[in-house]
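The values are calculated or read from the model by the stated rules, or taken from the named source; none is laboratory data. In this text the structure is predicted, and so the values were computed from the model without any measurement. Backbone-built Cβ (ideal geometry, glycine too); neighbour counts: all protein chains shown. Ligands, DNA and RNA are stripped out before the accessible areas are found, and what is left, the full protein with its side chains, is counted by its heavy atoms. Shrake-Rupley method; radii C 1.70, N 1.55, O 1.52, S 1.80 Å.
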Amino acid sequence: MLISLVRKDLLIAKKYLLLMFIFAIVGPIFISSELKFLNGSFISFLITVLFLEYIIFNSVSMAEDKYKGSALLCTTPYTRDAIVRAKYLFVLVIFIMSLITYTITASVTPLGLDRLNITNVGISLLTLSFFFGVLIPVQFKFGYEKTKMIFFFVVFLTPFIFPTIVQ
């Protein structure tokens, strides 16, 4: 039952997936080259995955809001609990796809991307879980339009503020 809801989200986001796949390859290379002082492989992965997940999740949410998909989905036999769990599973699937893409990119490119260890993957997953653990309930409570502006500023200011904080 959850698989069909995740598949629905992937079908909604299919026109963005190729662009995001390219971003998942180019993003860590660019960010890592900018953060040479930290050997920024972990940070580049975290920032790239945060952008990637946020953009894909919001594109799905925007499409559902535009076409009243959530309201129509509530008329089906799916429970609200199943719909919410499918959103979290969708975020996990995108994370796993990003991790596989990053690992292949780090293995193939000679540009100095380090492979991630289990601790870095765990910290990245914990960070994303915390972020989407706040975003998804707020979005279900207040709707897409109201949460869009708040999280837009939080996510897109991260690359400018995070390196300054780390230094």
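Points worth noting:
- The test for being open to solvent by less than 70 Å² (accessible area, probe 1.4 Å), among the hydroxyl-bearing types (Ser, Thr, Tyr), under 19 Å from Lys141 (Cβ atoms) and touching a Ser or Thr at 6+ places or on another chain (Cβ under 9 Å) holds for Ser61.
- Just so you know, in segment 81-118 the residues that are open to solvent by less than 20 Å² (accessible area, probe 1.4 Å), among the aliphatic types (A, V, I, L, M) and modelled with pLDDT of 90 or more include one that is nearest to Arg7 (Cα to Cα), and it is Ala86.
- Residue match in segment 66-85 (condition: within 16 Å of Leu50 (Cβ to Cβ), part of a helix (DSSP H, G or I) and among the small types (Gly, Ala, Ser)): no
- Matching option when the condition is free of Cβ contacts under 8 Å to residues at least 60 places away in the same chain, among the aromatic types (Phe, Trp, Tyr), under 16 Å from Phe51 (Cα atoms) and part of a helix (DSSP H, G or I), among Phe140, Phe160, Phe151, Phe132: Phe160
- Residue in segment 13-24 that is more than 13 Å from the chain's Cα centre (by Cα), assigned to a helix (DSSP H, G or I) and surrounded by 16 or more Cβ atoms within 10 Å (Cβ to Cβ) present: no
- Within segment 119-153, considering residues that are modelled with pLDDT under 85 and open to solvent by 80 Å² or more (accessible area, probe 1.4 Å), the one nearest to Arg85 (Cα to Cα): Phe142
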